[in-house]
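The values are calculated or read from the model by the stated rules, or taken from the named source; none is laboratory data. None of the values given here were measured: they were computed from a predicted structure. Every residue, glycine among them, receives a Cβ derived from its backbone with ideal geometry; neighbour counts consider all protein chains shown. In case anyone asks, the SASA skips ligands and DNA or RNA and just uses the protein heavy atoms, side chains included. Shrake-Rupley method; radii C 1.70, N 1.55, O 1.52, S 1.80 Å.
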Amino acid sequence: MAEQWREIGVVVVRRRLSGPWGGHEWLPGAILPEPAAVAPWTLLRAEAEGESFYAGAVALGFHAGETAHYRDNLVSPGPRIWVQLRPAVAPEGDERVELVAATVDPYEAEALADSGGDVLAAFAMPAAIAEELGAFFAAHHVEREFFK
């Protein structure tokens, strides 16, 4: 079966919490259609309420057997890319998140949402990736009859 891979960049936000216990939380910030030309964990912006970091690149795969799922995503009112983040510790001992997975398959994203303490974020699909996914769909989709 045909497959195609590309990388996307991911920005995460460490937001300070204002409750009596203080601390912070990690939130998805944005996706970039291409990996950034900076090292992972580069500080992008610091403000009073938190900081934004370039977390790094994550692989995004298209698989010929899942094209019907991609069609469902592409024809939805807002095509999405889902990114899974997991709490982790940096080599320096700092609390961070690790990039676990990225998908354009809404049914795979639903399964990823069931993974305990992970964070699954849905982002609007950049036009360039939507075009690439649409071309992959056109080249590899085979309509299958539904049998029950």
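Values for this structure:
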| read-out | value |
| --- | --- |
| Count of residues meeting criterion [more than 17 Å from the chain's Cα centre (by Cα) and touching a residue at least 40 places away in the same chain (Cβ under 8 Å)] in segment 96-142 | 7 |
| Selection within segment 1-49 - small (G, A, S) and in contact with a His (Cβ under 7 Å, 6 or more places away or on another chain) | A2 |
| Hits in segment 108-140 (condition: among the acidic types (D, E) and outside any helix (DSSP H, G or I)) | D114, D118 |
| Residue in segment 67-82 that is closer than 23 Å to A37 by Cβ, crowded, with 16+ Cβ neighbours inside 10 Å and modelled with pLDDT of 95 or more present | yes |
| Some residue of segment 45-52 being within 20 Å of I8 (Cα to Cα) and open to solvent by less than 50 Å² (accessible area, probe 1.4 Å) | yes |
| Members of segment 79-101 that are among the charged types (D, E, K, R) and closer than 13 Å to V13 by Cα | E95, R96, E98 |
| Boolean, V89 is more than 16 Å from the chain's Cα centre (by Cα) and at pLDDT below 95 | yes |
| Residues of segment 16-36 classified as in a strand (DSSP E or B), of a type outside the set (A, V, I, L, M) and surrounded by fewer than 17 Cβ atoms within 10 Å (Cβ to Cβ), total | 3 |
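Residue-wise test of (1) open to solvent by 70 Å² or more (accessible area, probe 1.4 Å); (2) over 19 Å from R80 (Cα atoms).
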site: V97; (1), (2): no, yes
site: T103; (1), (2): no, no
site: D118; (1), (2): no, no
site: A121; (1), (2): no, no
site: E131; (1), (2): yes, no
site: V142; (1), (2): yes, yes
site: K148; (1), (2): yes, yes
